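Here the structure is laid out as structure tokens; the discussion comes afterwards.
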Amino acid sequence: MTPLYRITGLTKEYNGRRVLDLPALEIQSGELLALVGPSGAGKSTLLRLLNFLELPSRGDISFKDSTYNSGKQPPLDVRRTITTVFQRPALLKRSVFDNIAYGLRLRRHHAIREAITDILGRVGLNDLAPHPARTLSGGEAQRVALARALCLQPEVLLLDEPTANLDPYNINLIEDIIQRHRAETNATVVLVTHNTFQARRLADRVGLMLNGSLVELTGRDEFFESPRDARTRAFIAGEMIY
Amino acid sequence: MSGELAEIIALSLRVTGLALLISSLIGIPLGAIAGLKRFIGRRLLMALLYTGMGFPPVVIGLFVYLLLSRNGWLSFMPADVLPKLFTPSAMVLAQTIISLPLVAGFTAAAVLGVDPSLRLQVRALGASESQAAWAVLNEARMGVLVAVIAGFGSIISEVGAVMMVGGNIAGHTRLLTTAIVLETSKGNFDLALALGGVLLGLSFLANLAMLALQGKSLDE
């Protein structure tokens, strides 16, 4: 099977400091890949590169049939097949409706109202459409962020700690929404999380990132039941790793 | 006086309105670029803008006077290209220079005050660079409006520069502010106070109109 993403020799540096170094990584179409690891491991940087929001310092990212690198950015219509939900949603100072409509309007969607009614129902926020987004609670804001991403029907959904700092009710709700969306659309999902339990619940494959490198990447059961690397074992056990 | 007063009010609004329009057309994009883009000289540009925000108008009047006078710094240029001294055009130029740093500086500050991750997040939703920049500018709209209001406030009440480059010529370059100075110097305090009241009223109405343009933003 041809991978959706094929990464080769990828590095990312900020001010001469290397924060990501991935010799090779493939992401298959339709899978849910969870990346776990401590803060500063390069997980969020990798998501920004996968969304082509930033360019790599070196190396190639092949997406579908094209290869992109520091000298070649994907066209906007390719980038619009991918979207990210961030840990801390930055919502526009407008209504919930307008926030969700933003991406649809960029794409000149022909049935915005219907799409928003549908997605608000899915995330359980039907009544909040006219409300100002700044009045939402943390859990509601994150569900709006998820809704504005899902209504775009992305081929690739990148989730950067989407349930960090949320209560168990909202965590369950968001995990359910992600799983239902996957089942309905077969979207490829890359989930960055500190929460190993969440990775275990949702992922097909799990990778541990540490200091900008991928320590281990295997199937979910193998990752949690018989990890090969000592650092993976330590991370799963909740120990401090460097 | 009523005909003359109407003429003074009309000229004041015309000169200030035109200067504000020009400074907004240049200052808002300039401020947005200063707030959004990383480029060599950005810090210097910001320092210049912030310095310009506190620049004494009378010095700008002197500067414009020296630029436009017959033997001034721009005397090598064809005379028909430049505004002439003691005309409304010269006053517009002076007021534009006074208000431009305020509009640009406050716009830059407003843009810098927007959540830095918003731009990245709207790009993740499919916005191009320019669409993302517009989204940030739109988020900063209250700050941009304050920038325009600050620019307006700095020139509607300004007297030194317009007196210097306009000359306060009756029926030609006399504005509300210069008329107030003239009537005060003549001891016509009642008239000067009345003109001051008109100036305050106009300023209040103009600000109300600008706030109305913001629609519901203040209520959200």
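The values are calculated or read from the model by the stated rules, or taken from the named source; none is laboratory data. Quick caveat: nothing in here was measured; it's all calculated off a predicted structure. Quick reminder, even Gly has a Cβ in these numbers, built from the backbone with ideal geometry, and neighbours come from all protein chains shown. When the accessible area is computed, the model is the full protein with side chains, heavy atoms only, and any ligands, DNA or RNA have been set aside. Shrake-Rupley method; radii C 1.70, N 1.55, O 1.52, S 1.80 Å.
On the full set of protein chains, 1.4 Å probe, figure out the accessible area of B:Leu213 and give it in Å² to the nearest 10.
140 Å²
Please report, in debye to the nearest 20, how large the charge dipole of the protein assembly as shown is about its Cα centre when each Lys and Arg carries +1 at its beta carbon and each Asp and Glu carries -1 there.
Its charge dipole is roughly 760 debye.
Projecting each Cα onto the charge dipole of region B:3-219 (Lys/Arg +1, Asp/Glu -1 at the beta carbon, about the Cα centre), which of B:Leu93, B:Leu205, B:Val136 comes out farthest on the positive side?
Going by the charge dipole, the pick is B:Val136.
With the other protein chains left in place, how much accessible area per residue, in square angstrom, belongs to region B:3-219 at a 1.4 angstrom probe?
Numbers: 10520 Å² over 217 residues.
Spelled out: the 1.4 Å probe surface of region B:3-219, per residue, equals 48 Å².
Helix B:57-68 against the longest principal axis of chain B: what's the angle in degrees, Cα atoms only, rounded to the nearest 10?
Computed tilt is about 80 degrees.
Determine the dipole magnitude for region A:34-138: charges of +1 sit on the beta-carbon of Lys and Arg, -1 on that of Asp and Glu, nothing else is charged, the reference point is the Cα centre, and the result goes in debye to the nearest 20. Kindly include the intermediate steps, with their values, before the conclusion.
Details: 16 positive and 8 negative charges, 52 e Å.
My answer is approximately 240 debye.
Can you pull the accessible area of A:Asp127 for me, 1.4 Å probe, Å² to the nearest 10?
Looks like 130 Å² after rounding.
Probe radius 1.4 Å, ligands and nucleic acids left out: can you give me the accessible area buried at the A-B interface, summed over both chains, in Å² to the nearest hundred?
That pair of chains buries around 2000 Å² in total.
So what does A:His131 come to for accessible area, using a 1.4 Å probe and Å² rounded to 10?
80 Å²
If one puts a single equal scatterer on every Cα of chain A and applies the Debye formula without solvent, what log₁₀ I(q)/I(0) results at q = 0.07, 0.08, 0.11, 0.15 Å⁻¹?
Cα-only, vacuum Debye calculation for chain A: -0.23, -0.30, -0.58, -1.06.
Normalising by the residue count of chain B, find the relative contact order in percent from Cα pairs under 8 Å and 6+ residues apart.
27 percent
For every helix of n ≥ 4 consecutive DSSP H residues, a contribution of -39,500 (n - 2.57) applies; sum these over chain B, divide by its total residues, and give [θ] at 222 nm rounded to the nearest 500 deg cm²/dmol.
Computed mean residue ellipticity for chain B: -24500 deg cm²/dmol.
What's the magnitude of the charge dipole for chain A around its Cα centre, counting Lys and Arg as +1 and Asp and Glu as -1 at the beta-carbon? Answer in Debye, nearest 20.
So the dipole magnitude of chain A works out to roughly 760 debye.
Name the most mobile residue of A:Arg180, A:Arg122, A:Arg48, meaning the one with the largest mean-square fluctuation, in a Gaussian network model of chain A with Cα contacts below 10 Å.
A:Arg180
Name the most mobile residue of B:Ala140, B:Ala94, B:Ala132, meaning the one with the largest mean-square fluctuation, in a Gaussian network model of chain B with Cα contacts below 10 Å.
B:Ala132
List the residues, sorted by chain then number, that are 5 or more residues from A:Glu31 or on another chain and whose placed amide H is less than 5 Å from its amide H.
Residues meeting the criterion, in which the H sits 1.01 Å from N, are A:Val189.
When all C-alpha to C-alpha distances in region B:3-219 are sorted into bins of 5 Å, what percent of pairs does each bin hold, rounded to whole numbers?
Each 5 Å bin holds this share of Cα pairs: 1, 7, 13, 16, 16, 14, 11, 9, 6, 3, 2, 1, 0, 0.
Using a 1.4 Å probe on the protein chains only, how many percent of the accessible area of the protein assembly as shown belongs to carbon and sulfur?
On the way: 12660 of 21600 Å².
Using a 1.4 Å probe with all protein chains present, the protein assembly as shown comes out at 59 percent carbon and sulfur.
Between region A:61-81 and region B:1-72, what's the alpha-carbon centroid distance in Å?
Centre-to-centre (Cα) distance: 44 Å.
Given a 1.4 Å probe and heavy atoms of the protein chains only, how would you sort B:Lys37, A:Lys43, largest accessible area at the top?
Largest to smallest exposure gives the sequence B:Lys37, A:Lys43.
Using a 1.4 angstrom probe on the protein heavy atoms only, could you order B:Met91, B:Met77 from most to least accessible area?
B:Met77, B:Met91
Find the relative contact order for chain A and round it to a whole percent, using C-alpha pairs within less than 8 Å whose residues are 6+ positions apart. Numbers along the way, then the final one.
Details: 438 pairs, mean separation 63.4, N = 242.
Reported as a whole number, the value is 26 percent.
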